[in-house]
Amino acid sequence: MAGWWRRWAAPPPILFPFAASAAYEPLECSTMRRTSRLLALLLTLTLVVVSAITAPPAQAAVARITIAGIYYNSPGSDTGSNTSLNAEYIRIKNSSTTLSRNLTGWTIKDSAGHKFTFPPFTLGPGKSVYVHTGSGTNTASHLYWRKGWYVWNNDKDIAALRNASAVLAHTCAYNNASVASKVCS
């Protein structure tokens, strides 16, 4: 094989040793490359088809419910009046623009153990509901805890929002007595 470049313009043909007859047929490199590319393409297509068939179904979009903010230090002195109590509130937001969420049985709890349980209630897409500490008439955007004294500490506290199965959905903590509110989400 030494000096093949003098006899041929290209390297000698690769002999295919597995031919059925004793006379081997030459198989050029370009044919082998084309065959390899074709096999690689077929393998890729097979993997794509198998992946498409065995892939799990897409998850349905779920509306994320969060604590958007807490107004923990109502204006003025803490007199305990219903007006002052209702100026203390927590805002819960549905981040979805298309899905409503049933919040019936969901809970809000502070670090002292004060607990609010949502009555039968559905929060529309992109909507918020304000849960006030004091008393009032529940509406689509305002709910009332009906407490006779303040829930949220004026200096620091933690709010925990749990779904009806008691799974933690969101938390918000604050530690600042010099401001009256905290944006959470």
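Observations, loosely collected:
- Subtracting the Cα-Cα distance of residue 64 and residue 81 from their residue separation scaled by 0.36 nm leaves 2.7 nm.
- Here the spin labels are modelled as points 7 Å beyond Cα on the Cα-Cβ line, and at residue 122 and residue 97 they lie 2.2 nm apart.
- Between residue 181 and 72, the built amide H atoms are under 5 Å apart, and every one of these is 5 or more places off in sequence or on another chain.
- Local electrostatic count, residue 183, Cβ distance below 12 Å [Lys/Arg +1, Asp/Glu -1]: +3
- Sequence-distant residues sharing a close amide H with residue 111 (under 5 Å, placed H): 158
- Within region 65-183, the proportion of Cα pairs with more than 23 Å between them is 24 percent.
- Charge tally around residue 109: other residues with Cβ under 9 Å, Lys/Arg +1 each, Asp/Glu -1 each, net +1.
- Summing charges over all other residues whose Cβ lies under 11 Å from the Cβ of residue 85, with Lys and Arg as +1 and Asp and Glu as -1, gives 0.
- Checking every one of the chymotrypsin sites (Phe, Trp or Tyr not before Pro) in region 65-174 against DSSP loop status and a limit of 11 other Cβ atoms within 10 Å picks out 149.
Computed from the coordinates by the stated procedures, all read-outs in this text should not be read as laboratory data. What you see is a predicted model; the values in this text were computed from it and never measured. With ideal geometry, Cβ positions are generated from the backbone for all residues, glycine too; neighbour counts draw on all protein chains shown.
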